[in-house]
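First up is the structure itself, then whatever we jot down about it.
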Amino acid sequence: MTNQIPQRIANGTFGAAGNRIDFSRALSSYARTTAAWKRWSLQLGLRSEFIQSQRIDWGSNDKNREGFNLNKRENNTYNILPGLSLCRDFRNWNMFTGIHKGMTPAGSKDGVLPENSLNTEFGVQHNSKPINVTFFHSQYDRLLGSDAAVWRPGSGELFLMVVQASITGIEGSWSVVKGI
């Protein structure tokens, strides 16, 4: 360090670490419909996700990426994610509740399954003023983590970190706009 500024001492050897490419291709679709009756509205949704994650690894001995000792791997994730919301409009307020399924893709390592969640919420919001309050609960299964954040230098591999977790909370907002 010079004057509290980090200095590079030497360049690393090209291709010595992390000589790989990770990439994904995704195909997503969704359908949504809304039904209304008087002051009520019901919205149903369905999302599908197909994610193909791949890694091409040339290793630390193939700096020019000629392909000898090439290592390839692939993992596919397919999920159907339903959702539902119900709203009731009052004179100045809107009350809502909803439930939907969520997921995080698994990465390229074969056999790793995606992270899943089930998310619920209930809230109220003012129809003309910037005021809202939402209570929420999320239940997670198969939480994924990456060793790059835990060990150094790390491989970037995704692994099962926690079997289950849940989060419950309240969030709200209120703002005041003053004229200039």
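The values are calculated or read from the model by the stated rules, or taken from the named source; none is laboratory data. Just so we're clear, the structure is a prediction, and the values are computed from it rather than from any experiment. Neighbour counts are summed over all protein chains in view; Cβ atoms, including those assigned to glycine, are modelled from backbone coordinates with ideal geometry. We work out accessible area using only protein heavy atoms, side chains counted, and drop any ligands, DNA or RNA first. Shrake-Rupley method; radii C 1.70, N 1.55, O 1.52, S 1.80 Å.
Identify the chymotrypsin sites (Phe, Trp or Tyr not before Pro) of the stretch 90-133 meeting these criteria: DSSP loop state and at most 11 other C-beta atoms within 10 Å of the C-beta.
Working: sites: 90, 93, 96, 122; in loops: 90.
Sites meeting the loop and neighbour criteria: 90.
In debye, nearest 20: dipole of the chain around its Cα centre with unit charges on the Cβ of K, R (+) and D, E (-)?
Values: 20 positive and 14 negative charges, 132 e Å.
Here the chain has a charge dipole of around 640 debye.
Give the ranking of 141, 22 by solvent-accessible surface, highest area first, calculated with a 1.4 Å probe. Write out the running numbers ahead of the final one.
Details: 141 55, 22 80 Å².
Reading off the accessible areas and sorting them downward yields 22, 141.
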Fill in the blank from the handout: Of all lysine pairs in the chain that are eight or more residues apart or on different chains, those with Cα atoms under 29 Å apart total 7
Problem - [x] 1.04; [y] 1.51; [z] 1.30, with the label sought being that of the calculated Cα Rg over 2.2 N^0.38 Å - result: [y]
Exercise for the section: Could you check how much of the accessible area of the chain is carbon and sulfur, as a whole percent, using a 1.4 Å probe? Expected result: 56
Handout entry: Relative contact order (percent, whole number), the stretch 10-101, Cα cutoff 8 Å, 6+ residue spacing
Key = 28
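Could you sort 1, 103, 95 by their accessible area in this structure, using a 1.4 Å probe and putting the largest first?
Solvent-accessible surface, decreasing: 1, 95, 103.
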Problem - Relative contact order of the chain, defined on C-alpha pairs under 8 angstrom at six or more residues apart (%) - result: 14
